[in-house]
Amino acid sequence: MSGSSQQTTRLTSRFVDDLPELTVPWQAAEPPEPRLLVLNDSLAAELGFDPEILRGPDGSGSEAGLGLLTGTAPPTGAQPVAQAYVGHQFGTLNPRLGDGRALLLGEVQGPDGEPHDIHLKGSGRTPFARGGDGFAAVGPMLREYLVSEAMHALGIPTTRALSVVATGARVHRERVLPGAVLARVARSHVRVGSFQFAQLSGDEALLRRLADHAIDHLHPQAREDSEPHLGLFERVVSVQADLVAQWMLVGFVHGVMNTDNMTISGETIDYGPCAFMDAFDPSTVYSSIDTGGRYAFANQPLIAEWNLARFAEALLPLLGEDEESAVGAAQEALGRFRTQYSAAWTAGMRHKLGLGETVSQKAAADVMDALPTMLQKHEVDYTSFFRGLADAEAQPRDAAAGPNAGVVAEMLTDVPDFAAWLESWRGLEPETELMRRCNPIYIPRNHLVEEALDAGEAGDMEPFTRLLEAVTDPYTERPGLERYALPAPESFGPYRTFCGT
Ligand code: AMP
Ligand code: MG
């Protein structure tokens with residue numbers, strides 16, 4: 001394909017230039033019959049691409065647009081590469097991972113003036129493909145698009161989705177599925193697994209260059225520290241503690257927190273078997289392959305800490321004069337994960353419950369601590385509870401106000417302890433407006449996601465578009481969107497997600 005000249009945006013190749021050892025130059029596979037399924041117009045425009053040109057005359061993608069979004073005709077300056085990394089998968093080190101079906105096209109300047117990676121998933125086999133076919137299917141790529149954009153709208157750091165293009169290829173999984181390429185955007189795709197790759201290579205100069213690259217592009221304040229590499233580690237501990245606290249506050253289950261799926265930037269990455277929790281249950285696992293529950297909802301902070309310990313091990317040669325002092329420094333920095341995580345979670349939960357600055361720590365802790373047991377015991381829908389509490393409280397005489405208020409009315413009749421809890425919480429004079437600003441009404445609920453992906457796979461993008469509209473403005477209640485605010489009907493049954501590999 002040709003015609004990329006219609007886009008004037010240039011890509012840079014800072015990652016390839018800084019770290020050639022972590023890349024293999026590679027070309028995207030030519031899709032047999034590419035067709036644009038969804039384009040993020042505002043993100044495209046922010047990155048300097050013209051959405052009209054990308055869409056083409058009939059909306060299914062111009063030749064130039066499809067060439068860019070599938071990587072077959074990337075913009076000027078692009079040097080497409082597959083990135084090398086390793087990683088602990090379910091606790092076991094896999095020394096051969098890397099982008100088996102993905103490519104980094106290059107970087108483009110984002111709206112914040114910072115460079116952002118343009119990255120493809122499903123663009124064909126690379127030298128890291130091992131047994132895989134290099135492809136991705138429409139359903140899982142639409143899921144990543146939807147959930148990552150919902151997370152962004154919730155204010156949670158994440159990779160963004162630029163587009164999904166159906167390739168026209170048939171992808172063989174348990175059944176034959178339509179193929180797709182996702183284009184995504186991130187501050188960086190450098191992962192804990194990238195550092196583990198450098199660690200395993202035994203090349204300390206490479207490790208140092210990678211750490212310096214991460215400092216320069218992601219955590220430049222660490223450069224001012226007396227020990228910049230320790231400063232880098234501390235900052236990654238800090239951004240990950242904040243990130244996982246935010247996941248926990250919205251009920252997000254990542255599903256596959258392997259070390260190759262944890263970024264140095266603190267962005268959520270790799271939406272595979274992820275899902276938002278329905279009824280509150282700390283042991284929630286959705287992934288069909290997570291049979292031991294390693295990545296269950298409640299384990300996520302512990303796993304993040306475990307992954308950071310692997311990051312520390314990889315960085316060790318850079319952290320001190322000798323091994324003993326390096327280990328000591330790393331342990332001390334890692335020790336701050338729990339404190340920071342707890343502080344971030346507590347601050348977030350106070351907001352969710354509308355508790356202002358004047359409410360004492362002790363009083364806030366009393367109402368917060370009583371909640372999980374109650375929600376779990378009575379299988380209360382996590383998202384509707386908080387929003388319903390705000391709605392019901394704002395209009396106490398009309399418990400039906402807002403589609404979620406019913407959940408609170410129901411709890412009042414069904415849960416004996418709830419009235420007492422409500423009384424203590426009310427005593428703290430909660431601010432319902434604050435609650436409405438930080439408790440989403442629309443999240444990508446599993447039954448709605450499935451409905452949207454099934455339709456999308458069959459060629460009808462309407463349900464996907466409507467759900468996307470709801471979840472990308474998650475805090476503003478709008479008429480006509482009632483069904484997007486409600487929990488799954490009983491008939492939906494227990495939910496399982498698949499990696500989509
Ligand atoms: P993920 O579960 O998406 O994080 O992928 C784990 C590893 O498997 C990464 O190295 C991927 O590039 C690779 N991988 C996953 N699916 C495929 C596929 N269909 N073809 C080639 N490589 C794949
Ligand atoms: Mg991955």
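The values are calculated or read from the model by the stated rules, or taken from the named source; none is laboratory data. Just so we're clear, the structure is a prediction, and the values are computed from it rather than from any experiment. Every residue, glycine as well, gets a Cβ built from its backbone with ideal geometry; the counts of neighbours run over all protein chains shown. Just so you know, the surface numbers come from the protein's heavy atoms only, side chains and all, with ligands and any DNA or RNA stripped out. Shrake-Rupley method; radii C 1.70, N 1.55, O 1.52, S 1.80 Å.
Ordering of 445-457, 421-433, 160-172 by packing is 160-172, 445-457, 421-433, highest average first (other Cβ atoms within 10 Å, averaged per residue). The modelled label-to-label distance for the pair ASP369/ARG437, using points 7 Å beyond Cα in the direction of Cβ, is 2.9 nm. Using a Debye calculation, one point per C-alpha and no hydration shell, please list log10 I(q)/I(0) for the range 283-357 at q = 0.15, 0.19, 0.20 Å⁻¹ in order. Reported log10 I(q)/I(0), two decimals: -0.71, -0.88, -0.91.
Taking the Kirkwood radius as Rh and the Cα radius of gyration as Rg, the range 4-186 has a ratio of Rg/Rh equal to 0.95. Once the chain from ALA394 to ARG223 is taken as fully extended at 0.36 nm per residue, the excess over their C-alpha distance is 56.7 nm.
Backbone amide hydrogens, once placed in the peptide plane, bring THR497 within less than 5 Å of SER287, SER288, excluding anything fewer than 5 places away on its chain.
Between the beta carbons of ARG170 and THR476, assuming R0 = 41 Å, the FRET efficiency works out to 0.50 to the nearest 0.05.
Diffusion coefficient of the range 192-346 by Stokes-Einstein, Kirkwood radius over Cα pairs, 10 °C, 1.306 mPa s: 99 µm²/s.
If R0 is 45 Å, what FRET efficiency do you get for ARG336 and ALA419 from their C-beta distance, rounded to 0.05? Approximately 0.70, to the nearest 0.05.
The mean sequence separation of alpha-carbon pairs under 8 Å and at least six residues apart, normalised by the residue count of the chain, gives a relative contact order of 14 percent. Of the two radii for the range 110-218, the radius of gyration is 1.04 times the Kirkwood radius, both from the alpha carbons; that is the Rg over Rh value. Our coupling estimate for the range 65-79, obtained by passing each phi through the Karplus curve with A = 6.51, B = -1.76, C = 1.60 and θ = phi - 60°, is x, 5, x, 5, 7, 10, x, 7, 9, x, x, 3, x, 6, 10 Hz, Gly and Pro reported as x. Computed in the context of the full set of protein chains, the accessible area of the range 192-346 at 1.4 Å probe radius has 51% of its extent on carbon or sulfur. From the alpha carbon centroid of the range 49-73 to that of the range 253-293 is 32 Å. For the range 310-362 versus the range 5-46, the spacing of their alpha-carbon centroids is 35 Å. Volume of the convex hull of the range 62-140 (Cα atoms only), normalised per residue: 144 Å³. Along the range 273-280 the Karplus relation, 6.51 cos²θ - 1.76 cosθ + 1.60 evaluated at θ = phi - 60°, assigns HN-Hα couplings of x, 7, 6, 8, 5, 8, 5, 5 Hz to successive residues, with x for each Gly and Pro. The 3J(HN,Hα) values that the Karplus relation (6.51, -1.76, 1.60; θ = phi - 60°) gives for the range 322-334 are, in residue order, 9, 4, 4, 5, 5, 4, x, 5, 5, 4, 5, 5, 5 Hz. Gly and Pro appear as x.
How would you classify the chain from its alpha-carbon gyration tensor, with a ≥ b ≥ c the square roots of the eigenvalues: rounded for a/c under 1.5, else prolate if a/b is greater than b/c, otherwise oblate? Judged from the Cα gyration tensor, the chain comes out oblate (a/c at least 1.5, b/c at or above a/b).
Could you tell me the distance between the Cα centroids of the range 167-198 and the range 417-438, to the nearest Å? The two parts, judged by their Cα centres, are 43 Å apart. Amide H contacts of ALA279 (H built 1.01 Å from N, in plane; Pro and chain starts excluded): TYR382 sit under 5 Å, all sequence-distant by 5 or more or on other chains. The simple Förster model, with R0 at 25 Å and r as the Cβ-Cβ distance, assigns ALA45 and ASP216 a FRET efficiency of 0.35. Return the long-range amide H neighbours of THR158 (sequence gap of 5 or more, or a different chain), with a cut-off of under 5 Å between placed amide H atoms. Residues meeting the criterion, in which the H sits 1.01 Å from N, are THR268. Each Lys or Arg adds one and each Asp or Glu takes one away; over the other residues whose Cβ falls under 15 Å from the Cβ of PRO479, this sums to -2. Considering every alpha-carbon pair of the range 1-86, the percent of pairs per 10 Å bin, from zero through the bin containing the longest distance, is 17, 44, 30, 8, 0.
Accessible area per residue for the chain, computed on protein heavy atoms with a 1.4 Å probe, is 40 Å². Per-residue ellipticity at 222 nm, computed for the chain from helices alone with -39500 (n - 2.57) per DSSP H run of at least four residues, works out to -13500 deg cm²/dmol. Taking a straight Cα-Cα cut-off under 28 Å and skipping sequence neighbours fewer than 8 places away in the same chain, the lysines within cross-link reach of LYS377 are LYS352, LYS362. For the range 4-186, build the charge dipole from Cβ charges (+1 Lys, Arg; -1 Asp, Glu) around the Cα centre, then report which of LEU142, ALA161, GLY48 sits farthest towards its positive end. Going by the charge dipole, the pick is LEU142.
Spin-label model, ARG10/ASP454: points 7 Å from Cα along the beta carbon direction are separated by 5.0 nm.
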